[in-house]
1. Roughly how big is the chain's charge dipole about its Cα centre, with Cβ charges of +1 (Lys, Arg) and -1 (Asp, Glu), in debye to the nearest 20?
2. Throw me the Rg/Rh for the stretch 116-176, computed over C-alpha atoms with Kirkwood Rh, two decimals.
3. Long-range amide H contacts for residue 137: which residues qualify at under 5 Å (H placed 1.01 Å from N, peptide plane, sequence gap of 5 or more or a different chain)?
4. List, in the order given, every pair from 69/122; 78/122; 64/122; 31/110 whose Cα-Cα distance in the structure shown is over 20 Å.
5. Taking the structure as given and computing Kirkwood radius over Cα pairs in Å, which label from (1) 18.1; (2) 16.2; (3) 18.8 fits?
6. Taking the chain as the reference, fit the longest principal axis to its C-alpha atoms, fit the long axis of helix 2-23 to the helix C-alpha atoms, and give the angle between the two in degrees, 0 to 90, nearest 10.
7. Using θ = phi - 60° and the Karplus relation 6.51 cos²θ - 1.76 cosθ + 1.60, list the HN-Hα couplings for the stretch 29-40 in order, rounded to whole Hz, with x at every Gly or Pro.
8. Please state the relative contact order of the chain as a whole percent: Cα pairs under 8 Å, 6+ residues apart?
Amino acid sequence: MKRNVIILLLSVIIILVGIYWYADRELISHKTGSTLPLQWEDPYNNHEEPIQLTDQNQTLSDSKVHLTKLYYLPNSKKLQFGLWYSKREYQPNPSKKIPDRIFQVTIRDKNGQLYDQDTFVKAEGLFDEFQRRSISIDLDNQESIELTISLIEQNGTTVTPMESTTINVPLDKIKK
């Protein structure tokens, strides 16, 4: 009897893990790097080879927010990456005035110019949300950039960063 209960519990656990892996296969693929977090303007004509700028995924100051490797599309002049977090921890909340985007991404180049016009595509899993981010920026003749990711609060049109993490990204992998 005890053996049957153990076999039943193990079977239920395996089935639940299988359901999770199947339901979140797109997010898992992005998180592990099996699928690059790229947004193509013309998906049928994407002959462009992305340049990987960072060597590994990163965890931001809050261990619940993660960043994929950063990629640069040299012909399109776009920096692209993925950002994922727990849906339970970060969700739009009208009472807290947190907008749907939740995170604001800005880039500062060596001349001090800010780039904050990004596009993003969301993918929702059972427990996490993944955002593919794309920012138009010309990285030619740049030595490094600062990437800042901020949890934001929005009141009308005013956006206020609540928490921020800044990452310095060397651009030595881009051929000059």
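The values are calculated or read from the model by the stated rules, or taken from the named source; none is laboratory data. Only a predicted model underlies this, so the values are computations on that prediction, with no experimental measurement involved. Virtual Cβ from ideal backbone geometry, glycine too; neighbours counted across all protein chains shown. Please note that ligands, DNA and RNA were not included when accessible areas were found on the heavy atoms of the full protein model with its side chains. Shrake-Rupley method; radii C 1.70, N 1.55, O 1.52, S 1.80 Å.
1. Magnitude of the dipole: close to 680 debye.
2. 1.05
3. 78, 79
4. The pairs that break the limit, which is 20 Å between Cα atoms, are 31/110.
5. Matching entry in (1) 18.1; (2) 16.2; (3) 18.8: (1).
6. Between the helix axis and the principal axis of the chain, the angle is about 30 degrees.
7. For the stretch 29-40, the Karplus-derived couplings read 4, 5, 5, 7, x, 5, 10, 6, x, 9, 10, 9 Hz, x marking Gly and Pro.
8. Computed value for the chain: 20 percent relative contact order.
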